[in-house]
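The values are calculated or read from the model by the stated rules, or taken from the named source; none is laboratory data. Keep in mind that what you see is a predicted model, and the values were worked out from it rather than measured. Methodologically, a virtual Cβ is constructed for each residue, glycine included, from the backbone with ideal geometry; neighbour enumeration extends over all protein chains shown. Side chains included, ligands, DNA and RNA excluded: accessible areas come from the protein's heavy atoms. Shrake-Rupley method; radii C 1.70, N 1.55, O 1.52, S 1.80 Å.
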Amino acid sequence: MKTKDEAILEIRGESIGTVTDASSLEEKFQNLTLRPILKFQNDLFIEVFRNYAIKQKGVFFTLNPEKKMNYIENAIQRDIKFRNSLKGIVIGMFTISEYKEYILNSSNINKRMMHLLIERLKSQIQLFE
């Protein structure tokens, strides 16, 4: 029987991006862990953001594309509860060893995580129509 960590790694898939010996620890973590999780959880992130926008009186849906981009960025950067919820969705897909690596440099990894998520949501803005 597979361990939880083995199952998580299997369903997440392969790393995304290039990892070399010259890659920093954060870059390796980003490409080996964060990117596969964000891709795997993409549909959930879309629904979570859609629900957030609806609960915020639906203003998002009346904005032009440029303002929608700003809205996504501001929501994730300024709404601490929402950001923590998104982080939880990602952290819940970590293996134990990844979590131990994460806590050693959580501040920088959180910045990378949120930046990647913002860019991912922005690139799919048409799904929020």
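Numbers for the structure displayed
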quantity: Residues located in region 118-129, provided they are open to solvent by 60 Å² or more (accessible area, probe 1.4 Å) and part of a helix (DSSP H, G or I); calculated: Glu119, Arg120, Ser123, Gln126, Leu127
quantity: Qualifying position, being farther than 20 Å from Phe128 by Cβ, out of contact with any Phe, Trp or Tyr (no Cβ under 9 Å at 6 or more places or on another chain) and exposed (fewer than 14 other Cβ atoms within 10 Å of the Cβ), among Leu9, Leu104, Leu32; calculated: Leu104
quantity: Candidates Ile16, Ile72 - the one that is within 20 Å of the chain's Cα centre (by Cα), surrounded by 15 or more Cβ atoms within 10 Å (Cβ to Cβ) and not in a helix (DSSP H, G or I); calculated: Ile16
quantity: Residue match in region 22-42 (condition: acidic (Asp, Glu) and not in a helix (DSSP H, G or I)); calculated: no
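The rows are residues; the columns are (1) open to solvent by 50 Å² or more (accessible area, probe 1.4 Å); (2) over 24 Å from Ser15 (Cα atoms); (3) touching a Cys at 6+ places or on another chain (Cβ under 7 Å); (4) free of Cβ contacts under 8 Å to residues at least 12 places away in the same chain.
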residue	(1), (2), (3), (4)
Phe40	yes, no, no, no
Phe60	no, yes, no, no
Glu66	yes, yes, no, yes
Ser97	yes, no, no, no
Arg112	yes, no, no, no
Leu116	no, no, no, no
